[in-house]
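J.: Questions regarding the structure given below will be posed in turn.
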Amino acid sequence: MKLLTRKVVGLTGDGAAAEAMRQIDPDVVAAYPITPQTEIVEKFAEYVAGGLVNTEFICVESEHSAISACCGSSAAGARTVTATSSQGLALMHEMLYIAAANRLPIVMINVNRALSAPLNIHNDQSDTFGSRDAGWIQLYCENVQEVYDTTIQGIRIAEHPEVQLPVMVCLDGFILSHSMERLELLSDAEVKDFIGAFRPRTNLLDFDKPITLGAAAMPEYYFEHRFAQSYALDRALERVVAVDQEFGAKFARSYGVVEAYRMDDAELAVVTLGSLAGTTKFVVDRFREEGVKAGSLKIKLFRPFPIEAVAAALKNVKAAAVLEKAISPGAPGPALFSDVLGALYHQGVKASLISYVAGLGGRDVPPKSITRIYNHLQQIAETGRIGRILNYLDLRGWQ
Amino acid sequence: MKDDSIRKLDKAKLPAWDEIPLGWALLSEGSDDFKTGGWRSQHPVLDPEKCTSCLFCWIYCPDSAIRVKDGKMAGFDESLCKGCGICSTECPQGAIKMAEGAGALKEGE
């Protein structure tokens, strides 16, 4: 008999994010509500009103103002958290680059939702994929437990002295944000102890030591500045691994930067992220029952992209597909596919790789659809012919 | 990174990428190293009779171009004033008027 040592609750993804925020007790939260993120801000506002946190909650008039206020408060030395989704993230776009370039360790929870037009409130990942070059660390969650754990880990990652970069915690709209799941909570003391006290690098309100943050950098400085920032993001991978390992050692849950599921002898693999990773594992199990050597690879850390881990996991497969809920109009392939392809090229791995775009605007991606991807991979493995590289799952009129 | 300290940039030596201060945080009270005076197509003119040295101009100036001496308004810094006119708009006494051209920015001109 396994004894429960932790508090077990039922929470939605939004509820879990809000609970993590309550335990983190940030100095400042500036946020604006947007479906399907609203419940995070709503719940957290209740915590503020009820005196359960010491947070200064700033009600702003837009997401551009929300992230601007967050940049200011973080630069002033306050631990800062926000949350948004879709159009809200798009409205934040210019400030996302500024938060990263000024090295402000803000943590943002983004509930993945499709971008307009046409207007759609449901899940896909085009919002955060569109921000992939902004310089933020991006972590994607498979389930509600992971949303909770990743939010807490995010604080430690962002604030690490060698990282000092903003972190985006991404969860799928409705599929995770509004689905109630069982999860285990840490105690308030455990969270407080794990994240530790915030030791800000900059304090704009220190009048005895005035500094300038956000000064212009003309052509003789800008390039070096941008490279230093890019280098820091690449190096952050090690810290993400270290924080996750420490979390695992303390609380017996860890995720890695990728999760290779039944990949040891796998010949066919689907690479994906977010909640799709869970559905894909279910399909993998079914193929394994039939004796098919199927596996899957979950990308937990999308920025910085775990080049070596991805290539290592895929180096022996006969055929692989990248399954993602975003489309990159005019590009040689969608974002995650292009990154996986790039990782393989970096590491000198030659694999038969195809792309599948699925689930745009919240269209369901059931196991039977993912099954068809594995069937397609079986064909490629048997014939050795890749055929069409870019594929679209359950798109009417596309054959 | 070699240097993540917050410091004043040494302009004599251009830093390599790993010598750039972390997040471009600079030990300086403003952008006074960046000479924007050459941008000016209008210039402010101070009326010392009307000026009460409330220093609204100093607070609002985006470019450290208001000179202050012994707590009093002491004219404009020619190398920094880009002629935006914010001081003129914000002055509660109407003591700063904008005039055409780059001007010499002498006090009381």
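The values are calculated or read from the model by the stated rules, or taken from the named source; none is laboratory data. Owing to the predicted nature of the structure, the values given are computational and were not obtained by experimental measurement. As a convention, Cβ positions derive from the backbone with ideal geometry for all residues, glycine included, and neighbour counts pool all protein chains shown. All accessible areas refer to the heavy atoms of the entire protein, side chains included, with ligands and DNA or RNA removed. Shrake-Rupley method; radii C 1.70, N 1.55, O 1.52, S 1.80 Å.
J.: Determine the principal axes of the Cα atoms in the range A:7-251, then give the extent along each, sorted from largest to smallest and rounded to whole angstroms.
T.: Result, largest extent first: 54, 45, 35 Å.
J.: State the percent of C-alpha pairs, over all pairs in the range A:325-383, separated by a distance greater than 14 angstrom.
T.: Values: 1118 of 1711 pairs.
Everything past 14 Å amounts to 65 percent.
J.: For the range B:33-109, what ratio Rg/Rh do Cα atoms give with a Kirkwood hydrodynamic radius? Mind showing how you got there, number by number?
T.: Working: Rg = 11.0 Å, Rh = 12.0 Å.
With Rh from the inverse mean 1/r over Cα pairs, Rg/Rh is 0.92.
J.: May I pose another question? What is the local net charge at A:PHE198, summed over the other residues whose Cβ is closer than 12 Å to its Cβ (Lys, Arg +1; Asp, Glu -1)?
T.: On the way: positive: A:ARG79, A:ARG156, A:LYS192, A:ARG199, A:ARG201; negative: A:ASP25, A:ASP27, A:GLU159.
For residues surrounding A:PHE198, the net value is +2.
J.: Measuring with a 1.4 Å probe in the full set of protein chains, what accessible area per residue, in whole Å², belongs to chain B?
T.: Details: 6210 Å² over 109 residues.
Here the per-residue accessible area is 57 Å².
J.: Along Cα→Cβ, 7 Å out, is where each label goes; now give me the distance between the ones at A:LEU119 and A:ASP265 in nm to one decimal.
T.: For A:LEU119 paired with A:ASP265, the spin-label model returns 5.5 nm.
J.: Let me ask something else about it. What is the angle, in °, between the Cα long axis of helix A:144-159 and the longest principal axis of the Cα atoms in chain A? Nearest 10 is fine, range 0 to 90.
T.: Rounded to the nearest ten degrees, it is 50.
J.: Let me ask another. Less than 15 Å Cβ to Cβ from A:VAL53, Lys/Arg counted +1 and Asp/Glu -1: what total charge do the surrounding residues give? The partial results should precede the final answer.
T.: Values: positive: A:ARG22, A:LYS43, A:ARG79, A:LYS192; negative: A:GLU19, A:ASP25, A:ASP27, A:GLU42, A:GLU46, A:GLU56, A:ASP188.
Result for the local shell: -3.
J.: While we're on this one: So how long is each side of the protein assembly as shown along the principal axes, counting just the alpha-carbon atoms, biggest first, in Å?
T.: Projected onto its principal axes, the Cα set of the protein assembly as shown covers 94, 52, 46 Å.
J.: Where in chain A is the longest stretch that carries no GluC sites (Glu not before Pro) classed as loop by DSSP and with at most 11 other Cβ atoms within 10 Å? Write out the running numbers ahead of the final one.
T.: Details: sites that count: A:GLU61, A:GLU290.
With GluC sites (Glu not before Pro) excluded where exposed in loops, chain A gives A:62-289 as its longest stretch.
J.: What does the range A:31-73 give for Rg and for Dmax, in Å, if only its C-alpha atoms count?
T.: For the range A:31-73, the Cα radius of gyration and maximum Cα-Cα distance read 10.6, 27 Å.
J.: Still on this structure, I have one more. As a test of the definition: with a 1.4 Å probe, what buried accessible area, both sides summed, do you compute for B against A, in Å² to the nearest 100?
T.: Values: alone 7180 and 17610 Å², together 22880 Å².
Approximately 1900 Å² gets buried when B meets A.
J.: Work out how far the C-alpha atoms of the range A:206-247 reach from end to end along every principal axis, then list the three figures in whole Å, largest first.
T.: Taking the Cα atoms of the range A:206-247, the three principal extents are 39, 31, 9 Å.
J.: Measuring from label point to label point, each 7 Å out along Cα→Cβ, what is the A:ARG286 to A:GLU308 span in nm?
T.: In this crude spin-label approximation the distance works out to 3.7 nm.
J.: Kindly list the residues of the range A:74-117 that lie in the label zone of A:GLU46, defined by a backbone N under 19 Å from the point 7 Å along the Cα-to-C-beta vector.
T.: A:83-84
J.: Averaged per residue, what accessible surface does the range A:260-392 expose to a 1.4 Å probe, in Å²? It would help to have the intermediate numbers written out before the result.
T.: Values: 5690 Å² over 133 residues.
It amounts to 43 Å² per residue over the range A:260-392.
J.: If you line up the long axis of helix A:13-24 against the longest principal axis of chain A, both from Cα atoms, how many degrees apart are they, to the nearest 10?
T.: For A:13-24 against chain A, the angle is about 40 degrees.
J.: To continue, here is another question. Under the rule of -39500 (n - 2.57) per DSSP H run of 4 or more residues, summed and divided by the residues of chain A, what mean residue ellipticity at 222 nm is obtained, to the nearest 500 deg cm²/dmol?
T.: On the way: 13 runs with 164 residues, N = 399.
Rounded to the nearest 500, the figure is -13000 deg cm²/dmol.
J.: Sticking with this one: Using a probe of 1.4 angstrom, how much of the accessible area of chain B is carbon and sulfur, in percent? Before the final figure, lay out each step's value.
T.: On the way: 3230 of 6210 Å².
Here carbon and sulfur together make up 52 percent of the probe-accessible area.
J.: Further question: Using +1 on the beta carbon of Lys and Arg, -1 on that of Asp and Glu, and nothing else charged, what's the dipole of the range A:260-392 about the Cα centre, debye to 20?
T.: Its charge dipole is roughly 180 debye.
J.: Using the heavy atoms of the protein chains and a 1.4 angstrom probe, tell me the accessible area per residue for the range A:7-251 in square angstrom.
T.: On the way: 9150 Å² over 245 residues.
Accessible surface, normalised per residue, equals 37 Å².
J.: I've got another one for you. For the range A:182-210, list whatever residues lose no less than 50 Å² of accessible surface once every protein chain is in place, relative to that chain by itself, with the probe at 1.4 Å.
T.: SASA drop of 50 Å² or more in the range A:182-210: A:ARG201, A:PRO210.
J.: Same structure again: Compute the relative contact order of chain A as a whole-number percentage, counting only Cα pairs closer than 8 Å that sit 6 or more residues apart in sequence.
T.: Numbers: 812 pairs, mean separation 62.3, N = 399.
So the answer I get is 16 percent.
J.: In nm, what is the difference between 0.36 nm times the number of residues separating A:LEU205 and A:HIS346 and their Cα-Cα distance?
T.: Working: separation 141, 0.36 × 141 = 50.76 nm, distance 4.47 nm.
Gain on stretching A:LEU205 to A:HIS346: 46.3 nm.
J.: Select from the range A:220-237 all residues whose loss of accessible area on going from the chain by itself to the full protein assembly reaches 50 Å² or more (probe 1.4 Å).
T.: Flagged in the range A:220-237: A:TYR221, A:GLU224, A:HIS225.
J.: Sticking with this one: Could you check how much of the accessible area of chain A is carbon and sulfur, as a whole percent, using a 1.4 Å probe?
T.: Numbers: 8860 of 16670 Å².
Answer for chain A is 53 percent, counting heavy atoms of protein chains only.
J.: Of all the Cα-Cα pairs you can form in the range A:260-392, what percent are over 21 Å apart?
T.: Numbers: 2867 of 8778 pairs.
When every Cα pair of the range A:260-392 is considered, 33 percent fall beyond 21 Å.
J.: While we're looking at this one, here's another question. Against the longest alpha carbon principal axis of chain A, how many degrees, from 0 to 90 and to the nearest 10, is the axis of helix A:367-383 turned?
T.: The answer is roughly 50 degrees.
J.: Still on this structure, please answer the following. From the phi of every residue in the range B:34-45, what ³J(HN,Hα) in whole Hz does the Karplus formula 6.51 cos²θ - 1.76 cosθ + 1.60 yield, where θ is phi - 60° and glycine or proline is x?
T.: 9, 7, 9, x, x, 7, 5, 10, 10, 9, x, 10
J.: Which lysines have a Cα less than 25 Å from the Cα of A:LYS209, not counting those fewer than 8 places away in the same chain?
T.: Partners found: B:LYS2, B:LYS8, B:LYS11, B:LYS13, B:LYS35, B:LYS69, B:LYS72.
J.: What lysines sit close enough to A:LYS368 to cross-link, taking a C-alpha to C-alpha distance under 30 Å and skipping anything fewer than 8 places away on the same chain?
T.: The reachable lysines, counting only those whose Cα sits under 30 Å from A:LYS368, are A:LYS281, A:LYS293, A:LYS298, A:LYS300, A:LYS315, A:LYS318, A:LYS325, A:LYS350.
J.: Pairing rule first: another cysteine's C-beta must sit under 4.7 Å. Under that rule, which cysteines of the protein assembly as shown stay single?
T.: Within the protein assembly as shown, the cysteines lacking a partner Cβ under 4.7 Å are A:CYS59, A:CYS70, A:CYS71, A:CYS141, A:CYS170, B:CYS51, B:CYS54, B:CYS61, B:CYS81, B:CYS84, B:CYS91.
J.: OK, next. Separation between the B:LYS35 and B:LYS8 pseudo-spin-labels, each 7 Å from Cα along Cα→Cβ, expressed in nm?
T.: 1.8
J.: Using alpha carbon coordinates only, what is the Rg to Rh ratio of the range A:22-114, with Rh defined as the Kirkwood radius?
T.: Values: Rg = 12.2 Å, Rh = 13.0 Å.
We get a ratio of 0.94 for the range A:22-114.
J.: Tell me the net charge near A:VAL270. Cut-off is 10 Å between Cβ atoms, A:VAL270 excluded, with +1 for each Lys or Arg and -1 for each Asp or Glu.
T.: Working: positive: A:LYS281, A:LYS298; negative: none.
Residues close to A:VAL270 contribute a combined charge of +2.
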